[in-house]
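A.B. asks: Pasting a structure below so you can have a look.
What follows is calculated from the coordinates using simple rules that are stated; it is not laboratory data. Quick caveat, the model's predicted, so the values are computed rather than measured. Backbone-built Cβ (ideal geometry, glycine too); neighbour counts: all protein chains shown.
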Amino acid sequence: MDTAAIRSAIAFGNAAEKLEPYELRASGPIALGMKWEKVRMAVYTTPFLRVALAAFQAKKLFKTFAPENVTPEMIRPVLEVYAASIPREGTAIVGNVQTVIITKVGRKDPIIRPMETAPSSENWRNLFGFSAAGTGMMAVFPLEALSEQNEIHLVYDTKVGRGKTCDDCTVKFNLDKVR
């Protein structure tokens, strides 16, 4: 990112009322409880959004965020995807993320594999006494993998959801509001 793009991202973050990572929602509804909704399967960030998020967080803490606060990790030209484990509704089973890959929409080849991955431990609890541990994953891809012609595959160790379930869950990228 050049200086102008960094300043633009900081201004975007400072002007935002609410700012979160971009969401990847299931392409078809998966039942959660008694209603059908598109489930958030993962979130992702771009260099622009990482800088904007840092500026937004600083603003919330009544601090200033300037171009000199931008780290090399923030502007690294990569797509960072975080896929969480998903508890299976009505059971004590949690679907753990096994791998995350990107392919062309509707195809299995060619596969874009992450440049880096890191597992993340998660704990699930509810008011009815349910408690379980899960494993999510952070996957880092080349920024060029972010395309509406691509879809992300989130592979779990068990089927997730209720009603329409999947263990190789695919989500298409929607770049309408991505910067």
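A.B. asks: When the chain is fully extended, how far beyond the present Cα-Cα distance does GLU68 get from TRP124, taking 0.36 nm per residue of separation? Present the calculation step by step, with values, prior to reporting the outcome.
C.D. replies: Details: separation 56, 0.36 × 56 = 20.16 nm, distance 3.81 nm.
Working it through step by step, the gained length comes to 16.3 nm.
A.B. asks: I've got another one for you. Quick one: which residues, 5 or more positions from ARG88 or on another chain, have an amide H under 5 Å from its amide H? H modelled 1.01 Å from N in the peptide plane, none for Pro or chain starts.
C.D. replies: It is ILE93, VAL94, GLY95, by chain and number.
A.B. asks: Another one. What's the lysine pair count for the chain at a Cα cut-off below 21 Å, pairs eight or more apart or interchain?
C.D. replies: Within the chain, the lysine pair count is 18.
A.B. asks: Using amide H atoms built in the peptide plane, which far-off residues or other-chain residues are under 5 Å from TYR22 H to H?
C.D. replies: Close amide H contacts, sequence-distant or interchain: TYR44.
A.B. asks: Assuming 0.36 nm per residue, please report the length gained on full extension of the stretch LEU175 to ARG7 beyond their Cα-Cα distance. It would help to have the intermediate numbers written out before the result.
C.D. replies: Values: separation 168, 0.36 × 168 = 60.48 nm, distance 2.16 nm.
Gain on stretching LEU175 to ARG7: 58.3 nm.
A.B. asks: Classify the chain from the C-alpha gyration tensor, please: rounded if a/c falls under 1.5, else prolate or oblate depending on whether a/b exceeds b/c. Present the calculation step by step, with values, prior to reporting the outcome.
C.D. replies: Working: a/c = 2.09, a/b = 1.50, b/c = 1.39.
Note, shape of the chain comes out prolate.
A.B. asks: Note down the magnitude of the dipole of the chain about its Cα centre, charges +1 on Lys and Arg C-beta and -1 on Asp and Glu C-beta and zero elsewhere, to the nearest 20 debye.
C.D. replies: On the way: 23 positive and 19 negative charges, 93 e Å.
Charge dipole, the chain, about its Cα centre: 440 debye, nearest 20.
A.B. asks: Pick from SER85, SER120, SER131: which is most flexible by mean-square fluctuation in a GNM of the chain where alpha carbon atoms under 10 Å apart are linked?
C.D. replies: SER131
A.B. asks: Between ASP157 and MET115, how high is the FRET efficiency from 1/(1 + (r/R0)^6) when r is the Cβ-Cβ distance and R₀ = 22 Å? Nearest 0.05.
C.D. replies: Working: r = 23 Å, r/R0 = 1.04.
The pair ASP157/MET115 has a calculated efficiency of 0.45.
A.B. asks: Calculate how steeply helix 3-15 sits against the longest principal axis of the alpha-carbon atoms of the chain, using the helix alpha-carbon long axis, and give the answer as 0 to 90 degrees to the nearest 10.
C.D. replies: 60
A.B. asks: What is the angle, in °, between the Cα long axis of helix 47-60 and the longest principal axis of the Cα atoms in the chain? Nearest 10 is fine, range 0 to 90.
C.D. replies: Between the helix axis and the principal axis of the chain, the angle is about 80 degrees.
A.B. asks: Do any trypsin sites (Lys or Arg not before Pro) in the stretch 93-148 lie in a DSSP loop with no more than 15 other beta carbon atoms within 10 Å, and if so, which? Can you show the working numbers first?
C.D. replies: Numbers: sites: LYS104, ARG107, LYS108, ARG125; in loops: ARG107, LYS108.
Passing both the DSSP loop test and the Cβ count: ARG107, LYS108.
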